[in-house]
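Presented below is the structure to which this report refers.
What follows draws every value from the coordinates through simple rules; no lab data is involved. Everything quoted here is computed from the prediction, not taken from an experiment. Using ideal geometry, Cβ is built from the backbone for each residue, glycine included, and neighbour counts are taken over all protein chains shown.
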Amino acid sequence: MLRSTIESSIKGALGLLGVNETVNFKVEVPPRKELGDYASNVAIVNAKTLKKAPLQIAKELVAEIEKLDQGKHFAKIEIVPPGFINFFLTDQAIEARLKEIVALDLAWGNSRHYQGRSILMEYVSANPTGPLHVGHGRWAVVGDCIARLFSAVGYKVEKEFYVNNVGNQVDKLYASVVASRAGQPVPENGYGGAYVKEIKGETIGEMLDFNLDEQKRILALVRVEFDRFFFENELHDQNLVRGAVEQLKRNHQTFEEGGAIWFKSQEHGDDKNRVLVREDGKPTYFAADVAYHLNKFNRGYDLMIDIWGTDHHGYVQRLKAALKALGLPAEKLEIIIGQLVALFRGDEQVRMSKRTGEMITLQEVVEETGADATRFFFAATDVNSHLDIDLELAKKRSSDNPVFYLQYGHARICGITRKGMGNGA
């Protein structure tokens, strides 16, 4: 790379000046084009070590770099007070690099810097009781982008979707579907959405499979796929939840009260202690979550990243506290809290689906704006910030829409490339 070429040239010149140990220096793109293609502060930061004025160091370095380079990479090298060195690249150097980029195609920018390290990313993880909403979509796209970046620098990345197929919400779904088919009112705290009428299957397992298949189909629309769907019932079937609770007991991190088993989370900075096993003997969602993450650690990843919805913000501290109580390095787990998404048409916020009169689903947004626009707007804003999306702007075919502008620029570049290779205009 051109930046590394400049760094190597500087280090080589320092060596010729008899300098073996230097203060770290920077090679950066300057703020204005007239200051060159790259600039370095090497003379300034090494002035104390070399016991010379920065301008004198810069002059000596430039003289040695020009001898080494002989016009191959640098058309001109300038020195600017108090000692910055500005590098102007030759057309030949830029052309050679562009040819390397074209040859690498989509592999350009990838590295093997972290080869041999592994990472598990868990995101989306929506309940299999209904369709994906726009918040799920944002977490899906952000997680997919992060996973691609880790892959590009050499990590072995595994992408996982945690399926909560155990608990009251599952029972409520089954009761809601049965009631809907019989023309009866939805049970108290059940699911009354129009989508309930569309769910297929006779058993609860078949209904959950139908919903999960629909979620997979919608995720595929925005080019998001997972390596594994981890079902919560696996934890219970293999006694992993009970095992995690017993391990906390052995570490003297639990107590019993009112017939329930509690985790001493207050000792780890939580505002109150948390129930692991209820009075009726059933483990809580928190206990299952501890067991799931214990399972993750046991699989031996170097790093784990979760992306959770904003409603899970309070879970972060208690989960990390439980992991530490289990004797695990909790710093290997990073949890990103995905913030809310609001949809607008111009200045007016859109709260309900025109089709069903209920929440707007991810599918509706993708169908209206397209996959490219959906991915762009979900990923373009800091994940720690609330996201407002103007659906009308996302559909515009003009430079007002950043997605269209990028697509237009890409099409123009492809046209120039074809013309340059003699394949037509």
| task | Would you give the gap between the C-alpha center of the stretch 359-425 and the C-alpha center of the stretch 219-245, rounded to a whole Å? | result | 33
| Rough spin-label spacing in nm, given labels placed 7 Å along Cα→Cβ, for S4 and S118 | 2.7
| Using Cα pairs under 8 angstrom and six or more residues apart, how large is the relative contact order of the chain, in percent? | 12
| remark: Full extension between A194 and L106 adds, at 0.36 nm per residue less the Cα distance, a length in nm of 27.4 nm
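When only C-alpha pairs under 8 Å and at least 6 residues apart count, what is the relative contact order of the stretch 118-338, in percent?
22 percent.
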| remark: A student applying the Cα gyration tensor rule (rounded when a/c is under 1.5; otherwise prolate if a/b is larger than b/c, oblate if not) would label the stretch 283-378 prolate
| query | When the chain is modelled as a GNM with alpha-carbon springs shorter than 10 Å, which of A107, A182, A63 fluctuates the most? | reply | A63
| request: Report, for the chain, the % of DSSP beta bridges that are antiparallel, rounded to 5. | output: 50
| task | Multiply the residue separation of N233 and V316 by 0.36 nm, subtract the distance between their alpha-carbon atoms, and state the gained length in nm to one decimal. | result | 27.6 nm
| said: Between D209 and E358, what is 0.36 nm times their sequence separation minus the Cα-Cα distance? Round to one decimal in nm. | reply: 51.4 nm
| task | Between R299 and R397, with labels modelled 7 Å along Cα→Cβ, what's the label distance in nm to one decimal, could you check? | result | 4.4
| field | Under the span-like rule (Cα at least 24 Å along the axis, Kyte-Doolittle mean at least 1.0), DSSP H helices of the chain | value | none
| request: Please identify, among I119, I360, I101, the residue showing maximal mean-square fluctuation in a Gaussian network model of the chain using a 10 angstrom Cα cutoff. | output: I101
| message | Would you calculate the convex hull of the Cα atoms in the chain and tell me its volume per residue in Å³? | response | 224
| said: For V275, what residues show an amide H to amide H distance below 5 Å, using hydrogens built from the backbone and excluding near sequence neighbours? | reply: F263
| query | Taking the Cβ-Cβ separation of R250 and A75 as r and a Förster radius of 51 Å, what is the calculated FRET efficiency to the nearest 0.05? | reply | 0.15
| task | Pull up the DSSP beta bridges for the stretch 118-338 and report the antiparallel fraction as a percent, rounded to 5. | result | 30
| request: With springs only between Cα atoms under 10 Å apart, run a GNM on the chain and tell me which of L104, L14, L248 wobbles the most. | output: L14
| What shape does the stretch 118-338 have by the C-alpha gyration tensor, where a ≥ b ≥ c are the square roots of the eigenvalues, rounded means a/c under 1.5, and otherwise prolate means a/b greater than b/c and oblate the rest? | oblate
| Inter-site label distance for H386 and Q266 at 7 Å from Cα along Cβ, in nm | 3.4
| Label-zone membership for the stretch 1-23, site E66, 7 angstrom Cα→C-beta point, backbone N under 20 Å | 6-18
